[in-house]
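Okay, structure first, notes after.
The values are calculated or read from the model by the stated rules, or taken from the named source; none is laboratory data. Only a predicted model underlies this, so the values are computations on that prediction, with no experimental measurement involved. Here the Cβ positions follow ideal geometry from the backbone for every residue, glycine too, while neighbour counts run over all protein chains shown. We work out accessible area using only protein heavy atoms, side chains counted, and drop any ligands, DNA or RNA first. Shrake-Rupley method; radii C 1.70, N 1.55, O 1.52, S 1.80 Å.
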Amino acid sequence: MNHQPLCCNRREFLRLIALVAGGAAAAGCAAATPQPVESEGDYYVAQTDRLLGDYDANLIFFTRAMMGRYDEAEIGAIGRAARRAYAELIPQLPYIGGDANGLTTNLVQSAWCLALYRTLQSRGVPLMDVGRVLYKAISNMMAAYPPGFMHFGGLLEVSTLSLESLKAGAAQSQQRRYANDWVYTAVRGNGDDFDFGVDYTECGIVKFYQAQGAPELTSYLCQLDFPMSAASGSGLARTMTLGNGDAVCDFRYKWGRPVQPSLAEGFLEGMW
């Protein structure tokens, strides 16, 4: 959940699929109606109930990812503890434009992952194993959608309208209105190696995790973009990420190409 996998953010992508499916999207991933906010400082706090509701609706994917490692009672205890940790993080999320910024959803969902990380860390779970839980959770989430709808959503995202939206968002990000926001540029496809690309030079999740004292988790969130891309057929390839200390995240998409993940050595082999 580190960056938007395609032109729109994850919530907008899942909302798109829900609309295409006539509202039959899986387990609460479609967006709830935003509530009115009096000021930037109130944005997250005013929506606490909705944000916790989104967390609850998607918790099943995270609990399923822990099956085989923990028994049912322990998984339940972890889920409850992570929810409390997430509730504490909500007021600490930085404002980056609210509903007008699609990447706000990515930031919120990164707090889900941080809450689970802290909960599992307190139980002595190694960082890489936490990364594996998150990877399996996102894979489970993607598997809950009919493949045909995911692929149709991916096709819509590489449409001319979506690419124009990407360019507009990139231009707006360059204004650096919010210090904790992403900054990126759209990259024109060359018609051969990739259809389009995105270069991120600043990452809201990198900044948030640094402020929270958990920069080590960032690189594992970067890996979550690959199951998202595999589900939609967008063919993500990437050689650098800010989360790994590089100067840029170089997302390159080629419709129909097998996903080319850059995962930590031994990461998938250690799945349970």
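Here the relative contact order of the stretch 117-216, from alpha carbon pairs under 8 Å that lie six or more residues apart, stands at 14 percent.
On the stretch 183-272, 50 percent of the accessible area sits on carbon and sulfur atoms, based on a 1.4 Å probe. Using a 1.4 Å probe over the heavy atoms of the protein chains, calculate the carbon and sulfur portion of the accessible area of the stretch 109-152 as a whole percent. Ligands and nucleic acids excluded, carbon and sulfur give 63 percent.
A protection proxy built from the mean count of other Cβ atoms within 10 Å ranks the segments 100-106, 43-49, most packed first, as 100-106, 43-49. On full extension, the segment bounded by T239 and V183 gains 18.3 nm, given 0.36 nm per residue less the C-alpha separation.
Translational diffusion of the stretch 171-272 was estimated from the Stokes-Einstein equation, with Rh taken as the Kirkwood radius over Cα pairs; at 10 °C and 1.306 mPa s the coefficient is 109 µm²/s.
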